[in-house]
Amino acid sequence: MRKKRPLVVAAIVLANFIVIWFLLSNRSNLSSPAPSFTLTDVHGRALFLSDYHGQIIILSFMKTRCGSCRTEVTQLKQVYNRYYDRVDFLSISIDSAYDTNEQLLQFMNETGITWRVARGTNKLKTDYDVETVPTIFLIDKSGYIRFKHAGEITDEILLIEIAKLL
C-alpha cells in the first residue's frame, strides 16, 4: 500500500498541472482591450462599442442558421433575466451572406431576443478572432475582454464569469 502513495501523489500533481496549463493557455487574449467597432443594428440605429464603456457586456457572435446558436439563446435569456439591469447584451451575426436585417428580426422574434442585434463584418470577425459560432465574449467595465468561449455555453458558466466582474 505504501508504494502506491507516491504514484497517487504524482498523478494528482500532474492533473493539477494539466488543469492550470489548460486554463492559462485558453486565456491568451484575455485582459486585452476589446476591439472597437461601429455597426448598425437591425432597427437602423448606430451601435458603437464605446457607448458601453463603464458597463459589462456579453458579446455573442452567432448565425441564424446555426442550431447551437439557437440553443445558446435560451441560456443567454436565463442570464439576461437575472442581469438585464447590470449587464448589456449584444448579438452580432457573422453570416453576412445570409443574415439580412429581416432574417435577424425573424430570428429575434422566434427566439425571444430583446437585446440589440446587428450584422457584423469580416473585419470584426477577424478583430475578435471568431472562428466558430456561437462564440461569447465577456467585456468588463473598462473595455477589456475577460472571458471568451467558443461553442455552446451554459448559463451557469456565464453567471460565474459575470459574478467575477460585479
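Structure values in brief
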{"quantity": "Strands (runs of 3 or more DSSP E) fully within region 27-122 counting 2 or more residues that are in contact (Cβ under 8 Å) with a residue 12 or more places away in the chain and closer than 26 Å to Glu156 by Cβ", "calculated": "56-62, 87-93, 116-119"}
{"quantity": "Tally, over region 21-37, of residues that are farther than 16 Å from Ile139 by Cβ and modelled with pLDDT of 50 or more", "calculated": "0"}
{"quantity": "Top-ranked residue in region 80-96 [being under 20 Å from Asp129 (Cβ atoms) and over 16 Å from the mean Cα position of the chain (by Cα); ranked as surrounded by the fewest Cβ atoms within 10 Å (Cβ to Cβ)]", "calculated": "Ser96"}
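Residues checked against (1) modelled with pLDDT under 95; (2) among the hydroxyl-bearing types (Ser, Thr, Tyr):
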site: Ser93; (1), (2): no, yes
site: Trp115; (1), (2): no, no
site: Val130; (1), (2): no, no
site: Val133; (1), (2): no, no
site: Leu159; (1), (2): no, no
site: Ile162; (1), (2): no, no
site: Leu166; (1), (2): yes, no
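The values are calculated or read from the model by the stated rules, or taken from the named source; none is laboratory data. Please read these numbers as outputs of a predicted model, since none were measured by experiment. Virtual Cβ from ideal backbone geometry, glycine too; neighbours counted across all protein chains shown.
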